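S.K.: This structure is in structure tokens; I'll ask about it shortly.
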Amino acid sequence: MNASRLTSVLVLSLGLGCLTAAPLPESQKIDELLAKDWEKHGLKPNPPASDDVLVRRLYLDIAGRIPTVGEVQSYVKSSDPQKRAKLIDTLLASDGHTSHMFNYWADVLRLSDNVKGRLTAEAYEEWLKKQIKNNTPYDQMVRNLLTTDGGVWDSGSIGFWQRDENKLDHLAYTVQVFLGTSIVCAQCHNHPFDKWTQMDYYHMAAFTWGMDTKSRGFELKKEKPKQQLDKALLASMDPKERRAYMKKMQEEQKVASKAATEGVSKEDMQKVKQAMQDVMKPLRYTSANWEEGKMPTLPHDYQYSDAKPGDKVTTKAMFGHEAVKKEGQTTLQSFADWMTDPQNPRFTTVVANRMWKKAFGVGLIEPVDEMTDSTVASNPALMDYLSQLMIEKKYSLKSFLRVLYNTDAYQRAATTSEVPLGETYHFTGPVLRRMSAEQIWDSLVTLSKGNVDDAVDEENVRLNQYLDDLGMFLGTIKAKGAEALVQIARDNAGKLAENQKKLDEMKAQLDAAKEKGADVKEQSKQLAREAQQLRKSTERDFLVALLGEERAAELRRGYSAKQETKAKPARPDPKVLASMTKEQRREFLKQFKQTGSVNKDVSLATRASEQPSPARPGTFLRTFGQSDRELIQNASDDASVPQALTMLNGPVADILGSPASQLNQELAKAPGTPAKIETLYVALLGRKPNTNEKSVLDAVVKERGDKAVEDVTHALITGSQFLFVQ
């Protein structure tokens, strides 16, 4: 019997024949590798998942939310044999997938807009969403992150470098995220559990040491002219002639440098800085500039015999081939090429393993970011194939995930028993998982507002306008030069002196009143207000002279973080109101009049990816375990009492109880209480109640009447079947 015939028999004997054949040859190859592993270990695959279980799983895994009632019914009723493959393609192309994968990568990359450089952080978030939506190849995205340079107005990707002020910490996170290797221990001493030494760590740090993230604003001095040495002439000279030539060039450089800075005194520069101090504040943490040739030095307490404290360290890759700097490349570019090279022994394996875990709930290598030389995948042949597949797909994560979701293994029922610690899972189906905090939130948004996926990738127009203004502002400064800036400051010197005189007079009056024992609290406040207004007036005059009235006004308007992503004031939908009974309409309008919305505490109007990142402590997302973004993938799926209380008594229950919610609009269509309960099951669980549940529900309806709908809603939405991806 030949190999292909044997594989076919094996597949059928293990139960794969009862499923719709995987439509992709790559998916079939994965199924064959899994089937061989099952046979080797005497295992049988999980039974096929039903349509209603599978459609809910696909929406949660790919789009990050439960499907609407209509989406469930459309899939279940369809007789198209290719409906699963078509739905996978539709969801991967959706903005819901962009939103869901943003939440995933924000957790991995520790994206946080609650940092000093909040402007840059928000631009970084928007940049990442665009990369996901455009399906930028993963290796290209990583190279872009590593080699980004310039201001945030050039690219939001500089947020990657601004995330950590400490360069050594940033390196540890970079290696852990992209190479799946934890080296942080070697930052201070030789790694106790791996082969990495402190010297290895500093060799790696040398690749990224030249990245400067300390935004200095702008330089007022003219750039010193660079000397142009005649190398051919130098080569033809004898030592004495060469010394004379170099001495002459040094003298000429001194004269040129003096001329370059003439007319710009320290006092002049101080006046310019004083006039611009407020408008320059947003420029902090907004740039990342590469300086070639900078090298780290070993710490003062370095204790090993291979070098001395304070020694400079050159670049050297920790594993794999050496990072060779090609002609015209910077050290950082050579590092990025080395890291993302398909020949790198860990880069491709790590991302392939991350995506496998994303689809099946467990990685072939666990933990996903603590690989060592001795690490062996639970299914080595499959891991090798997935790495090869990632390269074949040219690092398109959507194409790669498309293969995984089209496997028969993914189509099987979830494994509900927990894999014991230390034992190997052989992927007889995906594992049962609790939704992430973001999936729970986005599912509740779906119940409240329906499908809002098309609103997740709207550009923050004001943010981009402001970044353009900052870029234009710095460009104007550079174009005008130091002397022009000083001249503007001199032209405004008279008004500046007049303003200062007013402040001095007010301060003198305040001091005199103090000596007499008068209460000067109000006078002090007035002085502070006047000082601020005069300072702003000086700044305005300077900017108008520099940029013109209109551009100066735009720049001074500034940018209020997240102001564009706040939900617009709610307005009752006439169609929704018309569908309500008189009692429902009266109650809805009463609540709306009191709060301006169906609830004053929380708005289930936008998806988690459009909320502050991460959400603030005490909010719904954080209560349900959203990462604080301090560590890589620091989210939690542990249950807690506050979570139960939030679902039972919090604002979510009020919103879902509103007649205007999508859920209640669906319930209003149902002809009676039993039909309403069936609609609840489809909306929350993606399926109708089974026979055993129906008998229990019939008794509840008989006892509670119409109130049974509210009872069942609370029971379902707080139950494990709703909160888990089955």
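S.K.: Arrange the following residues from fewest to most other Cβ atoms within 10 Å of their Cβ: Phe347, Phe319. Walk me through the numbers before you get to the answer.
M.R.: Details: Phe347 24, Phe319 13.
Final ranking by Cβ density, sparse to dense: Phe319, Phe347.
S.K.: Set the Förster radius R0 to 45 Å, insert the Cβ-Cβ distance between Glu423 and Gln533 as r into 1/(1 + (r/R0)^6), and round the FRET efficiency to 0.05.
M.R.: Details: r = 70 Å, r/R0 = 1.56.
Efficiency, from the Cβ-Cβ distance: 0.05.
S.K.: Taking the alpha-carbon distance from Lys478 and a cut-off under 12 Å, which aspartates and glutamates remain once sequence neighbours fewer than 8 residues away in the same chain are dropped?
M.R.: Glu219, Glu223
S.K.: Also, I was wondering about something else. Run through the stretch 40-144 and list the trypsin sites (Lys or Arg not before Pro) located in a DSSP loop whose Cβ has at most 14 other Cβ atoms within 10 Å. Intermediate results must be reported in sequence, preceding the final value.
M.R.: Working: sites: Lys40, Arg56, Arg57, Arg65, Lys77, Lys83, Arg84, Lys86, Arg110, Lys116, Arg118, Lys129, Lys130, Lys133, Arg143; in loops: Arg65, Arg110, Lys116.
Of the trypsin sites (Lys or Arg not before Pro), the ones in loops of the stretch 40-144 whose Cβ has at most 14 other Cβ atoms within 10 Å are Lys116.
S.K.: Got a sec? Charge dipole of the stretch 461-557, +1 on Cβ for Lys and Arg, -1 for Asp and Glu; which of Asn499, Ser537, Gln465 is way out at the positive end?
M.R.: Checking the options against the dipole of the stretch 461-557, the answer is Gln465.
S.K.: Between Arg490 and Leu432, what is the spin-label point distance in nm, taking each point 7 Å from the Cα along the Cα→C-beta axis?
M.R.: 8.0
S.K.: How many angstrom separate the Cα center of the stretch 276-348 from the Cα center of the stretch 374-435?
M.R.: One Cα centre to the other: 34 Å.
S.K.: Moving on. Roughly how many debye, to the nearest 20, is the charge dipole of the stretch 461-557 about its Cα centre, given +1 on each Lys and Arg Cβ, -1 on each Asp and Glu Cβ, and no other charges? List each step's numbers first, then the result.
M.R.: Working: 19 positive and 17 negative charges, 38 e Å.
The calculated dipole for the stretch 461-557 is roughly 180 debye.
S.K.: A further question follows. Determine the gain in length on full extension of the stretch Gln523-Ala381; use 0.36 nm per residue of separation and subtract their C-alpha separation, reporting nm with one decimal. Write out the running numbers ahead of the final one.
M.R.: Details: separation 142, 0.36 × 142 = 51.12 nm, distance 7.89 nm.
That works out to 43.2 nm of additional length.
S.K.: Continuing with this model, one more query. Counting only the backbone N, which residues of the stretch 285-310 are under 20 Å from the spot 7 Å out from the Cα of His189 toward its beta-carbon?
M.R.: Within reach of a label on His189: 298-310.
S.K.: Starting with the fewest neighbours, write out Leu663, Leu621, Leu24 ranked by other beta-carbon atoms found within 10 Å of each beta-carbon.
M.R.: Numbers: Leu663 25, Leu621 22, Leu24 17.
Fewest-to-most ranking of Leu663, Leu621, Leu24: Leu24, Leu621, Leu663.
S.K.: If you don't mind, another one. Give the shape of the stretch 461-557 as rounded, prolate or oblate, defined through the alpha-carbon gyration tensor: a ≥ b ≥ c are the square roots of its eigenvalues, a/c under 1.5 means rounded, and otherwise the shape is prolate if a/b is larger than b/c and oblate if not. Walk me through the numbers on the way to the answer.
M.R.: Values: a/c = 4.42, a/b = 2.04, b/c = 2.17.
Oblate shape, in that a/c is at least 1.5 and b/c is the bigger or equal ratio.
S.K.: Would you order Trp441, Trp161, Trp338 from fewest to most other beta-carbon atoms within 10 Å of each residue's own beta-carbon?
M.R.: Numbers: Trp441 28, Trp161 24, Trp338 20.
By the 10 Å Cβ count, ascending, the order reads Trp338, Trp161, Trp441.
Since every read-out is calculated from the coordinates, none of them should be taken as a lab result. Here the structure is a predicted model, which is why all the values come from computation and not from measurement. Backbone-built Cβ (ideal geometry, glycine too); neighbour counts: all protein chains shown.
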